[in-house]
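The structure appears below as structure tokens.
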Amino acid sequence: MSLNIRLFFTFFQIGLFSIGGGYAIIPLIQQEIVEKASWISQKAFTDMITISQMTPGPLAVNASTFVGLQTAGLPGAILATTGCILAGVCISAGLYSFFLRHEDSRRLSAALNGLKSASLGLIVSAAASILLLAFTGSSDWTGPAAVDLPAVILFAASFWLLRRRKFNPILVMSIAGIAGGLLYR
């Protein structure tokens, strides 16, 4: 199977299971494009997630465009992005019709509560993976000696500025980017 067709179907699958949203889908994207296909490295994956958070659009769509462009150029980007979007459009149309017919169902409401809990678990897992990679440079915990103390301090300062001082997120990202550029030359 050609690379472009593999990109399309891989991102169609990712789009198909992106129901929990961007953060919930990070583990699946990582498994498919880093671990299984080896299209990008773990470091490039982390950079891609970071960049995807700063650019407009859903994370899975940004990831599909990035990976498609990196692996197969413009045709790969177009096919990967189309695969990712096509699944969401089909699911949304089907769900809209389904929910209109069953909007008063208690069982449906209970099932959706279960899905919310599973999505939360996926989001926490993705956050832990990203923090571990940012703080140690690896997705596996190797002990406290591997922790990058400047990265932890930069994270804590950014978190404090955003949550406690209510700074503008763009300003905090800019400051953190400059600090990171100075610290990690």
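The values are calculated or read from the model by the stated rules, or taken from the named source; none is laboratory data. Just so it is clear, the structure is predicted and the values come from calculations on it, not from any experiment. Note: ideal-geometry Cβ built from the backbone for every residue, glycine included; neighbour counts use all protein chains shown.
When each of ILE33, ILE25, ILE40 is tested for being touching a residue at least 60 places away in the same chain (Cβ under 8 Å), surrounded by 16 or more Cβ atoms within 10 Å (Cβ to Cβ) and not aromatic (Phe, Trp, Tyr), the lone residue that passes is ILE25. Here is the figure for segment 80-106: residues that are more than 25 Å from ILE29 (Cβ to Cβ) and small (Gly, Ala, Ser) total 2.
Taken together, the residues in segment 4-32 that are at pLDDT below 95, part of a helix (DSSP H, G or I), hydrophobic (A, V, I, L, M, F, W, C) and out of contact with any Cys (no Cβ under 9 Å at 6 or more places or on another chain) amount to 5. Looking at segment 45-66, which of the residues that are in a loop (DSSP other than H, G, I, E, B) and free of Cβ contacts under 8 Å to residues at least 24 places away in the same chain is surrounded by the fewest Cβ atoms within 10 Å (Cβ to Cβ)? Ranking the candidates gives PRO56 first.
Conditions tested, residue by residue: (1) touching a residue at least 12 places away in the same chain (Cβ under 8 Å); (2) surrounded by 12 or more Cβ atoms within 10 Å (Cβ to Cβ); (3) closer than 24 Å to GLY15 by Cβ.
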residue	(1), (2), (3)
PHE99	no, yes, yes
LEU108	no, yes, yes
LYS116	no, no, yes
SER125	yes, yes, yes
ALA146	no, yes, no
PHE155	yes, yes, no
LEU183	yes, yes, no
